[in-house]
Structures are given as structure tokens and as C-alpha cells.
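The values are calculated or read from the model by the stated rules, or taken from the named source; none is laboratory data. Since the model is a prediction, treat every value here as computed from it, not as a measurement. We place every Cβ from the backbone using ideal geometry, glycine too, and count neighbours over all the protein chains shown. In case anyone asks, the SASA skips ligands and DNA or RNA and just uses the protein heavy atoms, side chains included. Shrake-Rupley method; radii C 1.70, N 1.55, O 1.52, S 1.80 Å.
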Amino acid sequence: MVTEVSILIENNNPRLFSNLTIALLHNGFKIAKYKRKEADPSGQIWVIFSTLDDRIDFAKIKQILSRINGVLDIKKSGPDDSAPNPITSTQ
């Protein structure tokens, strides 16, 4: 099952992105992929981290990430039911 954590940050600061990545990894979030999406012309960016592990403690992750200067919002999205499960889908 895919779990995504979407994080709105102030700008495209590479150090901030590194801090987010390190914080997620140190707290058990196994990053399968990530993408960046510009939120608006003010320079805010959504950074979306995905994992195949649905057992992450989102409340803990949110608490830790919200302490990082430059993080504006944190959201969790559940499984993407429209995407086939790579383990059970057939060719």
C-alpha cells in the first residue's frame, strides 16, 4: 500500500529539502520516491514523499517535521486506489 506525506515548504531551499529527507529516514519512513510540485507563484513548494510501508506513525512524523523551520503544512494521503498494486498486478 502506498502512503504519501505531502509537505508544503517556503521555497526550493536544498538544505531544507535535505533536512526533511533526513528527518523522515531517521524516523522509519522508507522513501520509495519523491517529487516536487510548485504550489503558487510566491515560491512555495509541495514536496511529496511516497513509501510502500503503510505502518508509519504519521502523528510522530508530523510532529517532528513541523519543528523544521520553513515547513508550512504537512498532509498524509492514503493509498492510491487507481494505481495497480505492483505485487498483485498481472501482466
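So the values come out like this:
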| read-out | value |
| --- | --- |
| Any hit, the stretch 33-45, residues being surrounded by 15 or more Cβ atoms within 10 Å (Cβ to Cβ), among the charged types (D, E, K, R) and modelled with pLDDT of 90 or more | no |
| Candidate set: the stretch 22-32, residues that are touching an Asp or Glu at 6+ places or on another chain (Cβ under 9 Å) and either among the aliphatic types (A, V, I, L, M) or surrounded by 16 or more Cβ atoms within 10 Å (Cβ to Cβ) (or both); chosen: the one nearest to residue 74 (Cα to Cα) | 29 |
| Hey, residue 3 modelled with pLDDT under 85, open to solvent by less than 50 Å² (accessible area, probe 1.4 Å) and in contact with a Lys or Arg (Cβ under 8 Å, 6 or more places away or on another chain) or not | yes |
| Residue that is modelled with the highest pLDDT [pool: residues in the stretch 66-81 that are in a loop (DSSP other than H, G, I, E, B) and open to solvent by 100 Å² or more (accessible area, probe 1.4 Å)] | 67 |
| Unmet requirement for residue 19, which otherwise passes all of (1) farther than 12 Å from residue 70 by Cβ; (2) modelled with pLDDT of 90 or more; (3) open to solvent by 20 Å² or more (accessible area, probe 1.4 Å) | (1) |
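Residues are listed down the side, and each one gets a yes or a no for (1) more than 14 Å from the chain's Cα centre (by Cα); (2) open to solvent by 90 Å² or more (accessible area, probe 1.4 Å); (3) modelled with pLDDT of 85 or more:
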{"residue": "9", "(1), (2), (3)": "no, no, yes"}
{"residue": "13", "(1), (2), (3)": "yes, no, no"}
{"residue": "53", "(1), (2), (3)": "no, no, no"}
{"residue": "61", "(1), (2), (3)": "no, no, yes"}
{"residue": "86", "(1), (2), (3)": "yes, yes, no"}
